[in-house]
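Here's the structure we're looking at; comments come further down.
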Amino acid sequence: MSTDVLIVGAGPTGLALGIDLARRGVDALVVERAGELFPGSRGKGIQPRTMEVFDDLGVLDAIHAAGGGYPVGMIWQDGQRVGEHRMFDPVEATEDSPYDEPWMVPQWRTQRILFDRLEELGGKVAFGLEAVGLDQDEDGVTVRFATGGSVRARYVVAADGGRSAVRRALGIGMTGETVDPNPTLVADARITGLDRDNWHIFPPRGEGDGFLAICPLAGTEDFQVTAQFPEGSSVDLSLEGVRKVVAARSHLAPEDVTEVRWASDFRPRAALADRFRDGRVFLAGDAAHIHSPAGGQGLNTSVQDAYNLGWKLGAVLRDGVDEALLETYEEERRPVAADMLGLSTSVHRGEVRRGEATRQLGLGYRESSLTAETRQAPAALRAGDRAPDGTLGGVRLFDAFRGPHWTLLAVGVEAPELPGPVGVVRGPAQESYGKGLFLVRPDGYVGWAGDTADGLPRYLARAGL
């Protein structure tokens, strides 16, 4: 069997990449070693920038319908409510940033929405295929599976998680640190006796105890239970084990935990792959960077890896763009991942509050070799930055950007004639963009900016347009 792109792993990263490639007409196959999609809530926070990505990928309405906002934290002591704790610094939505705060959707539901969208576009996921090795040459990669058989692909993307078999087969190391040596339980449970209007927080009662947090999972009847244990502890993931820790650290009785639907334990760490590419194989998501869950950066950074890589693979495989374009994936995404790892760790340690940085709207690629800023006196928005939403000439910009194409914004200046694959929006100067020409990449970042069209043809030629 052969395909253009083989994606190893059907988590949020692999499914988002599959969607992006499917809408570009790229033949891609997603393989997953498990027999089904991941069943737990683990990565439940979707940041505003990822909401914008989901808007473009055609799943935002389903994501909105499936989830809800984050509840206010309620601190308990001896069975009494003693104070509120707000998880995020408040931010108001604006015209250029319509999604203002994280949206809570349990990971299993996010993956189901992405899976359904992939199938709608004609994409495929093959379950029960565990990658155990690979061989690559100048023309492609052959991936072997534990059950026997193999798949031949022009490119392979490892989206198979923090213990990535593909990364290990390539011999790519990870550099990092243990963020917290204390093991942490996370479980999806049915619980009676708690309201669903608050994220319930039970601070440690004494020295050596860990915290307990019980968060209602938006769009479900479940709560996510999180409990920290002393270093060296063995975490009991059974119903009785979850009941025991809930009863010991809160005013709830053991029988108030009526069901455990999924449970896991982990030790928070931060690690970054030494490189994100080896020949025709790319690392994305947890295979490339492992985060503490604090601050909700892991899943979001992972989806945006896929969003960056998808249009580049499509350009090479379908539009005949030079393969050198693929070199910019690691160039752009590895520094972002490194920054997000530092942010996650700082949030975990209480050094930084969740706020502007965790929303991920300020991330960009100003230093990328794909970025060209040619204006004499650029304003606050520069080439390499995220292209804001807004209205230009009566057109909502996110509506104009939606889809796999490039878009030229002519803001207060004349628009040149461009080839068919580039959409053009014209309008007067406005606050978010100022004045000039802005060529917006398929992933919503300004690739080129100029006062006039001088230099634009050269950039378009490089992009294969």
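The values are calculated or read from the model by the stated rules, or taken from the named source; none is laboratory data. Here the structure is a predicted model, which means the values were calculated and not measured. Cβ: placed from backbone, ideal geometry, glycine included. Neighbour counts: every protein chain shown. Heads up: the accessible areas ignore ligands, DNA and RNA and are worked out on the full protein's heavy atoms, side chains in. Shrake-Rupley method; radii C 1.70, N 1.55, O 1.52, S 1.80 Å.
A quick yes/no check of all residues on (1) within 25 Å of Gly171 (Cβ to Cβ); (2) in contact with a helix residue (DSSP H, G or I) (Cβ under 9 Å, 6 or more places away or on another chain); (3) outside any strand (DSSP E or B):
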| residue | (1), (2), (3) |
| --- | --- |
| Asp265 | no, no, no |
| Ala270 | yes, yes, no |
| Gln304 | no, yes, yes |
| Tyr307 | no, yes, yes |
| Lys312 | yes, yes, yes |
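If Arg154 meets every condition in (1) outside any loop (DSSP other than H, G, I, E, B); (2) closer than 30 Å to Glu259 by Cβ apart from one, which number is that one?
For Arg154, the failing item is (2).
Just give me the residues in the stretch 238-283 being among the aliphatic types (A, V, I, L, M), exposed (fewer than 15 other Cβ atoms within 10 Å of the Cβ) and under 27 Å from the mean Cα position of the chain (by Cα), in sequence order.
Of all residues in the stretch 238-283, those among the aliphatic types (A, V, I, L, M) come to 239, 242, 245-248, 252-253, 257, 260, 263, 270-273, 281, 283.
Pick out the ones that are also exposed (fewer than 15 other Cβ atoms within 10 Å of the Cβ) and you get 248, 253.
None - no residue of the stretch 238-283 is among the aliphatic types (A, V, I, L, M), exposed (fewer than 15 other Cβ atoms within 10 Å of the Cβ) and under 27 Å from the mean Cα position of the chain (by Cα), so the list stays empty.
Please go through the stretch 371-395 and give me each residue that is within 27 Å of the chain's Cα centre (by Cα), under 21 Å from Glu332 (Cβ atoms) and of a type in the set (S, T, N, Q), ordered by number.
Of everything in the stretch 371-395, just one residue is within 27 Å of the chain's Cα centre (by Cα), under 21 Å from Glu332 (Cβ atoms) and of a type in the set (S, T, N, Q), namely Thr371.
Six or more apart or on different chains, Cβ under 7 Å: which pairs go from a residue in the stretch 47-68 that's more than 25 Å from Asn198 (Cα to Cα) to one that's open to solvent by less than 10 Å² (accessible area, probe 1.4 Å) and of a type in the set (Asp, Glu)? Could you list them?
Leu57/Asp20
Before we move on, is Ala10 modelled with pLDDT of 95 or more, part of a loop (DSSP other than H, G, I, E, B) and crowded, with 21+ Cβ neighbours inside 10 Å?
Working: modelled with pLDDT of 95 or more: yes; part of a loop (DSSP other than H, G, I, E, B): yes; crowded, with 21+ Cβ neighbours inside 10 Å: yes.
Considered against the rule, which asks whether it is modelled with pLDDT of 95 or more, part of a loop (DSSP other than H, G, I, E, B) and crowded, with 21+ Cβ neighbours inside 10 Å, Ala10 comes out as yes.
Taking the stretch 388-403 as the region of interest, how many residues are within 15 Å of Lys435 (Cβ to Cβ), open to solvent by less than 20 Å² (accessible area, probe 1.4 Å) and part of a loop (DSSP other than H, G, I, E, B)?
Residues of the stretch 388-403 that are within 15 Å of Lys435 (Cβ to Cβ), as a first pass: 388, 390, 392-393.
Among the residues that remain, those that are also open to solvent by less than 20 Å² (accessible area, probe 1.4 Å) are: 388, 390, 392.
If we keep only those that are part of a loop (DSSP other than H, G, I, E, B) too, we end up with 388, 390.
Counting residues in the stretch 388-403 that are within 15 Å of Lys435 (Cβ to Cβ), open to solvent by less than 20 Å² (accessible area, probe 1.4 Å) and part of a loop (DSSP other than H, G, I, E, B) gives 2.
May I ask you to list the residues in the stretch 106-144 that are touching a strand residue (DSSP E or B) at 6+ places or on another chain (Cβ under 6 Å) and open to solvent by less than 20 Å² (accessible area, probe 1.4 Å)?
Ala131, Gly133, Gly140, Val141, Val143
Among the residues of the stretch 410-439, write down those that are aliphatic (A, V, I, L, M) and under 27 Å from the mean Cα position of the chain (by Cα). Lay out the reasoning, then the answer.
In the first step, residues of the stretch 410-439 are kept if they are aliphatic (A, V, I, L, M); the result is 410-411, 413, 415, 418, 422, 424-425, 429, 437, 439.
If the condition is that a residue be aliphatic (A, V, I, L, M) and under 27 Å from the mean Cα position of the chain (by Cα), then Val422, Leu439 are the ones that fit.
Looking only at the stretch 432-465, filter to residues that are modelled with pLDDT of 95 or more and among the acidic types (Asp, Glu); which one of those is least open to solvent (accessible area, probe 1.4 Å)?
By that ranking, first place goes to Asp443.
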